[in-house]
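The values are calculated or read from the model by the stated rules, or taken from the named source; none is laboratory data. Everything numeric here is computed off the predicted structure, so don't read it as measured data. Neighbour counts are summed over all protein chains in view; Cβ atoms, including those assigned to glycine, are modelled from backbone coordinates with ideal geometry. These accessible areas exclude ligands, DNA and RNA; they are computed on the full protein's heavy atoms, side chains included. Shrake-Rupley method; radii C 1.70, N 1.55, O 1.52, S 1.80 Å.
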Amino acid sequence: HTVDDQEYQIVATHLSGSKHDIHPFFDELEKLLQTKNTSTIVLGDFNFDLRQGKIRKQVQEDKDGKPRELVTELLEDSKKLWDLPTENGTVSKKRSALQCQVSKIDMTDFSCKDFILMSKDLKPEEGELQGLIARAQMLPDVDCPSDHACIHWQKPVQHKKEDEMQKS
């Protein structure tokens, strides 16, 4: 997609909780990232916590242990957006008996499963990730009708005077 003569590729995902689609998804993402001079945003429900090294290794390497170099670069470029304190998350729920996964009744689930990853040219380190929740906030609640928090990235707003001062 092109905006203001800038080429963007935006990848939205909702990966499986069983993690069976990690390798196919990240193999395909590695191919997409080969497109040069294209700003990239990958976002959505990954259904796993990137902060966990064992899971992150599955993202950074294919089934045969071969490095996914471009995916690893994207993770490094976006580290500020996923390497978060463990007291922050996007999911905090306790399943009731009124759901079909009976083995999960009364189990609490607090983690960060939703992420926004961005290529370095978009300067992810300059913005702030917003919408994270604390462990004590159970979802859904009055403010959030989903069991996942709505996160977003906010780039700092520079006013025209600031831009002109920086150029001089």
Looking at Leu81, Val102, Ser92, which one has the Cα that reaches farthest to the positive end of the dipole of segment 49-102 (charges on Cβ: Lys, Arg +1; Asp, Glu -1)?
Val102
Can you sort Asp4, Asp114, Asp83, Asp109 by solvent-accessible area, 1.4 Å probe, largest first?
Asp4, Asp83, Asp109, Asp114
Fraction of antiparallel bridges per DSSP, the chain only, in percent to nearest 5
70 percent
Contour excess over end-to-end distance, with Cα ends at Thr13 and Leu132 and 0.36 nm allotted per residue
41.0 nm
Tell me the trypsin sites (Lys or Arg not before Pro) within segment 34-124 that lie in a loop according to DSSP and have at most 15 other beta-carbon atoms within 10 Å.
Lys36, Lys63
DSSP beta bridges in segment 1-96: the antiparallel percent, rounded to 5, is 30 percent
Pseudo-spin-label distance Lys57 to Lys79, built 7 Å along Cα→Cβ, given in nm, is 1.9 nm
Express in nm, to one decimal, how much length is gained between Asp4 and His152 on full extension, taking 0.36 nm for each residue of separation and deducting their alpha carbon distance.
51.1 nm
